[in-house]
1. Identify, by number, the condition in (1) over 30 Å from Ile2 (Cβ atoms); (2) modelled with pLDDT of 85 or more that Trp51 doesn't meet.
2. Here are Ala99, Ala94: which of them is modelled with pLDDT of 80 or more and open to solvent by less than 100 Å² (accessible area, probe 1.4 Å)?
3. Residues in region 110-125: is at least one under 41 Å from the mean Cα position of the chain (by Cα) and at pLDDT below 90?
4. Scan region 66-83 and report the pairs whose first residue is in a helix (DSSP H, G or I) and whose second residue is open to solvent by less than 100 Å² (accessible area, probe 1.4 Å), with Cβ atoms within less than 8 Å and a gap of 6+ or a chain change.
5. Suppose the filter is within 23 Å of Ile2 (Cβ to Cβ) and either polar (S, T, N, Q) or over 18 Å from the mean Cα position of the chain (by Cα) (or both); does Thr70 pass it?
6. Any residue in region 25-50 that is without any contact (Cβ under 8 Å) to a residue 60 or more places away in the chain sitting within a Cβ distance under 9 Å of a residue that is of a type in the set (Asp, Glu) and in a helix (DSSP H, G or I)? List the pairs, counting only those 6 or more apart or interchain.
7. Criterion first (aromatic (Phe, Trp, Tyr), open to solvent by 50 Å² or more (accessible area, probe 1.4 Å) and at pLDDT 85 or above) does Phe57 satisfy it?
8. Between a first residue in region 8-21 that is farther than 18 Å from Gly42 by Cα and a second residue that is of a type outside the set (Val, Ile, Thr) and surrounded by fewer than 18 Cβ atoms within 10 Å (Cβ to Cβ), which pairs have beta carbons less than 6 Å apart while being 6 or more apart in sequence or on different chains?
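The values are calculated or read from the model by the stated rules, or taken from the named source; none is laboratory data. Given the structure is predicted, the values throughout are model-derived calculations rather than measurements. Cβ: placed from backbone, ideal geometry, glycine included. Neighbour counts: every protein chain shown. Just so you know, the surface numbers come from the protein's heavy atoms only, side chains and all, with ligands and any DNA or RNA stripped out. Shrake-Rupley method; radii C 1.70, N 1.55, O 1.52, S 1.80 Å.
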Amino acid sequence: MIAETICSAVAAAGLGIAAVTAYRKRFLAAARLAAYALVPLGLVMTGAVEWAAETAFSPVAWAGFGVLGTAWLLFMGTRSAERRSGGTRKERRAAAKAAQRDAVAPAASAPSLGASTRPAAQPKKAAAPTEDFSDIEAILKKHGI
């Protein structure tokens with residue numbers, strides 16, 4: 001009952017200030033003040049103030065707010081974990097199927113599309129037998145090896 005009285009008094013005071021503002025030819029500001037002043041009165045008339053007063057002193061209501069908060073935390077935690085793991089369940093399944101397909105046949109049997117612009121690698125030739133190692137042999141014999 002006290003909350004309704006206070007809200008009504010705030011609305012009356014706000015409408016009085018709006019009237020004074022309108023008297024000073026500041027109509028836009030007066031209309032804005034009147035709108036703000038009518039909000040508490042509307043809350044009283046709809047019963048929202050009574051509901052809020054009953055809720056503020058109800059342990060069941062506070063437990064309900066706790067349950068809602070827990071649900072919100074779980075929801076946000078699962079969303080952040082889902083973003084880290086790489087998307088939704090459908091996206092992960094599609095990626096797993098694509099990876100499995102690639103692992104089974106990694107495009108080994110795909111035909112070439114045309115001639116390569118890079119020349120084919122030629123095997124390297126063996127060392128020419130004409131190289132002379134006589135000076136190295138002489139050094140090794142000199143040292144007794």
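1. Looking at each condition in turn, Trp51 falls short on (1).
2. Unique residue meeting the criteria: Ala94.
3. Looking for residues that are under 41 Å from the mean Cα position of the chain (by Cα) and at pLDDT below 90, one finds at least one in region 110-125, hence yes.
4. Every condition considered, the pairs that remain are Glu82/Thr88.
5. no
6. Between residues of region 25-50 that are without any contact (Cβ under 8 Å) to a residue 60 or more places away in the chain and residues that are of a type in the set (Asp, Glu) and in a helix (DSSP H, G or I), the close pairs are Val44/Glu4; Val44/Glu50; Val49/Glu4; Glu50/Glu4.
7. no
8. From residues that are farther than 18 Å from Gly42 by Cα, the pairs are Thr21/Ala29.
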